[in-house]
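Here the structure is laid out as structure tokens; the discussion comes afterwards.
Coordinate-derived values only; no laboratory data. As the structure is a prediction and not an experimental result, all values here were calculated from the model. Cβ: placed from backbone, ideal geometry, glycine included. Neighbour counts: every protein chain shown.
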Amino acid sequence: MTILVTGATGRVGRHVVEQLSVRGAAVRALTRDPAKAHFAAGVEVVVGDLLDIDAMRSALAGVKTLFLLNAVTGDEFTQAIIALNLAREAGIDRVVYLSVFDADRAVNVPHFAVKHGAERMLEALGFSATILRPTYFIDNEVMIQGVVKDYGVYPMPIGSKGVAMADARDIAEVAAMELIRRDQAPGKLPLETINIVGPDTLTGADAAAIWSEVLGRPIAYGGDDPSGFEANMGRLMPKWMAYEMRVMAERYVSDGMVPREGDRERLVKILGRPLHSYRDFVAKVAG
């Protein structure tokens, strides 16, 4: 049977498709832009989005297992609930859902609260689901590398509690392994939640120090100023999204994203290798 990957050309989804392909799974990739679908031979590409009911019904036909990824949008919750309803309508109960670390606690952050709502639906309707809860993506730092290099400032207000940033490749590989495990199971497996974290819990000052070391010149931490972060982001994205980024940053400052006991060890055991590090990412993009 086929595994459907939503968000298939995005930062995580493209790696999920790749990981499933190398493991020999039958993959169907849902994307709004087929021009971005640079996948291995054998991957079926379908065009549509999560609010296109006809396209979703077609994409879900003949599918046994679903990877559900919702981008941060104003209608993210509607997308998630409709997608799960349509999956259920199609007889699909095996799901790997990309949520977020502390989804059940950071309820004032809109996209965290949305993801917790989808988690509750998965549980209440008896889906055989793995809920993946990654921390802040290392890969998001691509957006700020120019600021770091050009102005000598690390601008993300991640605070002093620490954030164990996760690499999209680690997230995707765990997702692919869980998708195959559930797809191949003879029956429904119990719901499970996996925190996906990085190998190091970094403060804002720690991140700046890594950039300083790799670039060979001083990089300053911009400080714990979510309001200033909102103002800067408001020049690049819709105001509602910039505000959401501010509220998220306030959670970083107040609580951080600190792994639970055993999170890292569990991931290393699942993957059979070390986790990708923030330092490796900086070394790759610093040139």
Exercise. Which number comes out as Rg/Rh for the range 61-219 once both Rg and the Kirkwood Rh are worked out on C-alpha atoms?
Worked result: 1.05
Seminar exercise, completed: Check: in the chain the Lys pairs 8 or more apart or on separate chains whose Cα atoms fall under 28 Å apart number 19
Problem set entry | Overall dimensions of the range 158-287 by Cα: Rg and Dmax, Å | 17.6, 56
Seminar exercise, completed: Contour minus Cα-Cα span, A55 to L271, at 0.36 nm per residue, comes to 74.4 nm
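Can you pull the Rg over Rh of the chain, Cα-only, Kirkwood? Write out the running numbers ahead of the final one.
Working: Rg = 18.9 Å, Rh = 19.6 Å.
Computed over Cα atoms, the ratio is 0.97.
Based on other C-beta atoms within 10 Å, arrange R133, R32, R260 from fewest to most.
Fewest-to-most Cβ neighbours within 10 Å comes out as R260, R32, R133.
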Exercise. Residue by residue, what Karplus-based ³J(HN,Hα) values in Hz, rounded to whole numbers, does the range 100-106 have, using 6.51, -1.76 and 1.60 with θ = phi - 60° and x for Gly and Pro?
Worked result: 8, 4, 6, 4, 7, 10, 8
Seminar exercise, completed: Taking the chain and counting helices only, DSSP H stretches of n ≥ 4 at -39,500 (n - 2.57) each over all residues, the nearest-500 ellipticity at 222 nm comes to -13500 deg cm²/dmol
Exercise. Helix 13-22 sits at what angle to the longest principal axis of the chain, using alpha carbons and giving 0 to 90 degrees rounded to 10?
Worked result: 60
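Quick check on the exposure proxy: order S99, S128 from fewest to most C-beta atoms within 10 angstrom. Don't skip to the answer; put the middle values down first.
Values: S99 27, S128 19.
Fewest-to-most ranking of S99, S128: S128, S99.
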Problem set entry | Size of charge dipole - the range 175-287 - debye, nearest 20, with Cβ of Lys, Arg +1 and Asp, Glu -1, no other charges | 400
Problem set entry | For the range 10-106: span of alpha carbons on each principal axis (Å, largest first) | 40, 28, 25
Problem set entry | In sequence order, calculated HN-Hα J values of the range 142-159 (Karplus, 6.51, -1.76, 1.60; Hz; x Gly/Pro) | 4, 5, 10, 4, x, 5, 4, 6, 7, 10, x, 9, 8, x, 6, x, 8, x
